[in-house]
Amino acid sequence: MPAQDQIQVLREEKAALLSLLNKDKDNFLLHLPKDVEYDFYQSLHRKWIYLGKNHLPIAFLLYLGFVLITASGCLVFIDHLSEHDITLFLLSYLSPVLAVLFLTRLYKRKITRETVQGITLATCVAHIFINVFFSYSIENPALQVQTNLGIVYLFFLYYLLTGLPLKRLCFCINVAFALSYSLLVYLKIEFSTWMYVISTFVPNITFFLFMCICRNGDRLNFLQSKILDIDHAINLLTQEQLAIMSQQDSLTQLLTRRAFNENFKDVLLNSPPHQTSSLLFIDIDHFKKYNDHYGHIQGDKAINHVADLLKSTLRSSDAISRYGGEEFLVLLPNTHRYDALRIAEKLLYQLRQAQIPHELSEHGILTISIGLTSFSDVKLSEAEQIIDVADQALYEAKRLGRNQVFIMIMPESTPRTPLPHIVPA
């Protein structure tokens, strides 16, 4: 896609995001289009993968400290604890530790976002199910309340540190609660249903609504970040377009004079020793008369026709430039003057075959004149001299009747003695 079209697409995308940002920034729950929401969760996934690789071990250490303080306090100050309660209490505290270790290892694996989400949700259901079951299987009420702190930590872990879609996560946690409830009823373990709902489903819904508000801020930050990324992309494309415009003629899409000169210098610097290259200086004959007689639009078409002829005839390694007005320069690397002469004759022949009318020309059709010179083992400082020799050869071609090629030898090889001009049959 052309750069201008890409810029237009990006500007439209930016306008849509700005509209969305201004419309929904004060909403309690920000609703994004499906594709934007997908990109949001992709970015969130990358963020949590980074956190999982680098900061989950810190969360593990903090939790370990929390466990040592809380658990030791509970076991010291709560009297008459059975081994059954102590075992379940310690296992419930161990469950979040296992969750942290498992997620840390999971995030270090190179697997897809969908796979990570699926495994994380399954892990969430399993851990919360086990923790709730352990908590309500403890007979000591005080210890049971303390055990619920492990469930709160799991809420914190899965809601804040995984970047999972909130609705899906809330549903899975409620499924874990329902499974635990069913198992407790099936095993005929005594507990208060009302207290169970208060300590499981209600905190989950509350945490869900709280996280929706937090996630709304994340979405707004994501939209702003995405808009900044689009601005950056537009700036890069604009700079690229400006660079192309400075290198490419707007009418013919050929190299500009400046770009040609840079290319020419590169060839002079990098050419192997004794390698001969050639230069064609081309001018459309009687172009001013053609432009005045047929109009500027037809004049532009004539220039474009010659440019298209050059592009279709020459090699991809050749540098073609609209050097100014109706003048063209063609650099033929690694091309001897007699090979360059055959190329020039072909250009003359093909343009004549096009039979573009030119009533004010002595030939009756649009023609070109070509000055040709060849060079080898020249210095970078002699670049302008080479072009000057080709220009003088063009002048001779015009003086001798136009519609022809004239070869002029560089003075480094021999004195500047022109070869006989060539007029194609």
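Each reported figure results from applying straightforward, stated rules to the coordinates on display, with no laboratory input. All values reported here derive from a predicted model rather than from experimental measurement. Note that we place each Cβ from the backbone using ideal geometry, even for glycine, and neighbour counts take in every protein chain shown.
If a spin label sat at a point 7 angstrom from the Cα of GLU362 along the line to its beta carbon, the backbone N atoms of region 279-293 nearer than 18 Å would be those of 283-290.
Across all C-alpha atoms in region 257-407, the radius of gyration and Dmax reach 15.2, 49 Å.
For ALA319, the residues whose modelled amide H falls within less than 5 Å of its own, excluding neighbours fewer than 5 places apart on the same chain, are LEU331. For VAL378, no residue has an amide H sitting under 5 Å from its own, ignoring neighbours fewer than 5 places away on the same chain, with H placed 1.01 Å from N. Modelled label positions at CYS212 and SER182, each set 7 Å beyond Cα in the direction of Cβ, lie 2.6 nm from each other. The calculated 222 nm mean residue ellipticity attributable to helices in the chain amounts to -23000 deg cm²/dmol, summing -39500 (n - 2.57) over DSSP H runs of n ≥ 4 and dividing by all residues.
Calculated on the Cα set of region 81-194, radius of gyration then Dmax: 14.8, 46 Å. Using a Förster distance of 41 Å, how high is the FRET efficiency between TRP194 and GLU12, based on the Cβ-Cβ distance and rounded to 0.05? Efficiency computed from Cβ-Cβ geometry: 0.15. Just ARG257, ARG215, ARG399 to compare: in a GNM of the chain, with alpha carbon springs under 10 Å, which one fluctuates most? The residue with the greatest mean-square fluctuation here is ARG399. Summarising the label geometry, the points placed 7 Å from Cα in the beta-carbon direction at TYR41 and SER312 lie 5.4 nm from one another.
For the chain, the orientation-averaged shadow of the C-alpha convex hull comes to 32.8 nm² (one quarter of the hull surface). Across ILE282, ILE356, ILE173, mean-square fluctuation computed from a Gaussian network of the chain (C-alpha pairs under 10 Å connected) peaks at ILE356. For the chain, the relative contact order works out to 13 percent when only alpha carbon pairs closer than 8 Å and six or more residues apart are counted. For region 84-99, list residues with backbone N below 17 Å from a point placed 7 Å from the Cα of ILE119 toward its Cβ? In region 84-99, the label zone of ILE119 (backbone N under 17 Å from the point 7 Å along Cα→Cβ) covers 98-99.
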